[in-house]
Each structure stands twice: as C-alpha cells, then as structure tokens.
1. Sequence-distant or interchain residues sharing an amide H contact under 5 Å with Gly96, placed H: which?
2. List the longest stretch of the chain that has no exposed loop site; here a site is one of the GluC sites (Glu not before Pro) assigned by DSSP to anything other than H, G, I, E or B, with at most 16 other Cβ within 10 Å.
3. Using only the C-alpha atoms of segment 77-224, find the volume of their convex hull and express it per residue in Å³.
4. What do you get when you divide the Cα radius of gyration of segment 311-377 by 2.2 N^0.38 Å, with N the number of residues?
5. For segment 43-152, go through all pairs of different Cα atoms, get the mean of 1/r, take its inverse, and jot down that Kirkwood value in Å.
6. Taking only complete DSSP H runs, can you tell me which helices of the chain stretch 24 Å or more along their own long axis by Cα positions and average at least -1.0 on the Kyte-Doolittle scale?
7. Go through the chain and flag any cysteine with no other cysteine's C-beta closer than 4.7 Å, please.
8. Counting other Cβ atoms within 10 Å, which trypsin sites (Lys or Arg not before Pro) in segment 329-383 have at most 15 and lie in a DSSP loop?
Amino acid sequence: MDLSKLVVEDAARGSFRVHRSAMISEEICALERERIFDRCWLYVGHDSEIPKPGDFRRRTVAERPLVLIRGRDGRVRVFYNTCPHRGAMVARQDKGNADTLTCFYHGWSFNSQGELIAVPEQAGYSTQFSKADHALGTPPHVDSYRGMHFVNFSIDAPSLADWLGEAKTIMDLSLDAADVLGGWEIIRGSAKYDIRANWKLMAENSVDGYHLPTVHQTYLSYIAQRHKMAGAARINTNAVYKASRSFAIANGHGGITVGMPGRPIASPSPFWTEEAIAEVGRIRERLLERFGAERGAEMADNSRLMIIFPNLAFQDTHSGFRFRQWWPKGPGLMEINQWELVPREENEEIHAYRQELSLAFLGPGGFATPDDVEALESCQTGFKAREFEWSDVSRGMHRQPQQSDDEIQMRSFWRQWHAMLQGHARAAHFDDPATPVAALAEERK
C-alpha cells in the first residue's frame, strides 16, 4: 500500500481527495493505533470529576486501562490500571474515593500517590525486594491545560502546550466565559454508545456545518415551531452562515465559529422566561466588563466547535458545552464518550434550559445524534462500493474567508492524519495554499 497516495491535494484545481481505503482497511487501522494514537496527546478527564483527595475515575485511553486520581497531596496523577505484580486492575470501579487502591488478586495495596504501601506476607520475598521499585506505572507524559488532563504514550512527544498551539486561544474563549459563574464542571452522567462507522467520520462530522440543513431538518423545524409559539422571529439561517467561519490550526486542529442567538452562557432565547432572559443579560454585561467589549461579545455571542486532533471535540454551542471523544474499535466501528459541562454557579432555571436543549439536540436520544449516526453508518455502508475510490473534501478551497459550511477544518485534520500515518510528526502545512481562483474559473468555462 502506498501511504503517500491516500490524500491527494491539488490547490490549482481546488481539489482535495481522500482515498476511501482509509475508512475500511484493517492495515490502516493498525497503523493509526501505532503512529497516531500512540504519539498524540489524548484527553483523559477533567478536574471537576475528581474534586476531593482520593477521588478517582477509571478510563480507557488508546486501549490502555488508566486511573485518573487526585492524591492526598492534592496533585492529579494518571496511572496505568494494572498491578505491577501480576497485572490485575487495581481500580475495578469506574469512579470512587479511596485512600488506597488494593489489587483483589494478591492484595498488594497502593496509596493515592501510586506508591506500594503493603504486600501480604512480604517475608516471602528476598531482602532485596523494594516497594519503591513496584509503584504504579504512569504514562511517559502527563500534562493538563485549564483543568483538562491529557496523556501521551510517546517518549519523544512535544509538550502539550506546543501540541495545542493556537487552539488554546479558541479554548480560552469558552473556558474563561464561565469564570463569572465559578468555572465549568462536568455534571453527573455521560453518554456512551457505539457507531458502526470509521472514527474519522466523527472527526469530520463534529465540525461539519454543511450537513445541518439537510440532515437535521426535523430539529430545525422543531426550533422554528418553538420560536413561532413564543412569538419570536424565525432565525435567519442565511445571516447565521454569513456571520460564521471555519478555521484550520496546526497539528490537525480546526473547527467552526457560529454567531447564533440563544447561546445559554450569555445570550437569551425567546422561549425562556423573562426572569431567565434578564439574568442572561446580566451575565453578558459581566463578561463585557471583565474581558472588554470585543472579547466579551465573542465569548457570549458565538458558538465554537473544534476538533483537538485526533479524537476530541470541544463543543461550546447554543445547545450546551460538552467534550466528546471517540475511539476506533476496528475500521468500521467506534465508541463514543460524551460529557456535559455547566457553570458551577449557574441559575437553576438557565441550567434547566441548557440541559433541555443539550439533550434535545446532541443527547443519544435527541434530534441530532440519531440523525448523525444514520448519516455516518450510511457512509460506511457506501464505502463497500470499492470501485468508487475517493471522497471529496474540497469545499471552500477557492475562497477566502472560509464560511462555516466550508471544509478547511477537515482538510487540516486530514493533512495531519496523512503526515502521521507516514511517520512524520507534523503536516507540511495546515492551511489551504493560495488557489489561483482566476485560473480555476477560466479552466471551468
């Protein structure tokens, strides 16, 4: 297999194509595990999930069992969830609080700092046996950004700060916005489900503004009806698209920003109560006062949907704020995990509205998620027509600025994917090269 020909880009023609074997090949799936998931920074969990010393969460990251735990010293650590003795898991519940993690197989016990503190019948070992040599293992690199904890399994990994790069600027708009309400916290419960499709389709779909009016017609009709019942004007979707943009960032990150009324963090919705709308207005003013008129308005009035390469969606939208992560379970199957975040000191009424809208749109049983699942699984079935070899990801290559229904964000993802699959650390470029639009137009006559 010639990996160099899986993605073909022709700026002069405004063409970007991806070979569909990327979606169905077992060989490529195995290479992705080795060259992408074993080398990228991968999200593990959030500070708010382990607020107290001894709190832990069990996670599986790149097929490795991990434990995210806050030590009695207050420091957050990540350990491999395997006993150094014979390998059994030391944390057998998904979450909890414990002074010690004890392996049920032979009873070895570890404190919340990962140190081995007790071995039954230690006299059975030689005098050279050292507890210090049998602490819980930790991934080569563990770091965090703004309460988000990541791991990297590669010895020579770049720093997390370098990996996120300019994505931090976009993330900070959302992460700072909740400071006026005590910061963000992940609420109880999470969504977890499988989709019979390749994991890269979810990366595309999570920042795809092009499919909204076709795939999600039912939801748009529902919202239009809600507006009508509330006596409010219907949202002008054309104006929304014109005020929205897609963007690409180095290292495969990218996304879209959408200016849309009804964002729960600081923009009112016409079918809320007058009290809730007034409260949201006060929150918006606090954002403008603290962060300045321009940045405060950007926080309050824009939705942000971004992919942190390779498999984390950072979604601060009119339907709530969430992290969504997906893992390949084969070339045609992926596992989805989703967590909702809310401001700690949010008004209960606004919180209820936020949750209603979030569940109605992106909950597993909402309007959008079943539609998206159907679309992605339909694509995966379509890939069985192997004689039709290419998918097109070229929308918007010929114009600047990029609109939110263009695909520069997906091209950023695919360039990084293609580079890493070939063994390179980074793509040669992440943005679209300048396209000679006049020559392109002449050629199409």
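Read the figures in this text as sums done on the coordinates, not as results from a lab. Predicted model, so just to flag it, every value in this text is computed and none were measured. Note that we place each Cβ from the backbone using ideal geometry, even for glycine, and neighbour counts take in every protein chain shown.
1. Those lying under 5 Å, H to H, from Gly96 are Phe56.
2. Here the longest run is 167-344.
3. 211 Å³
4. For segment 311-377, the normalised Cα radius of gyration is 1.24.
5. Final number for the Kirkwood radius of segment 43-152 is 14.2 Å.
6. Both cut-offs are met by 274-291.
7. Cys29, Cys40, Cys379
8. Passing sites in segment 329-383 are Lys329, Arg344.
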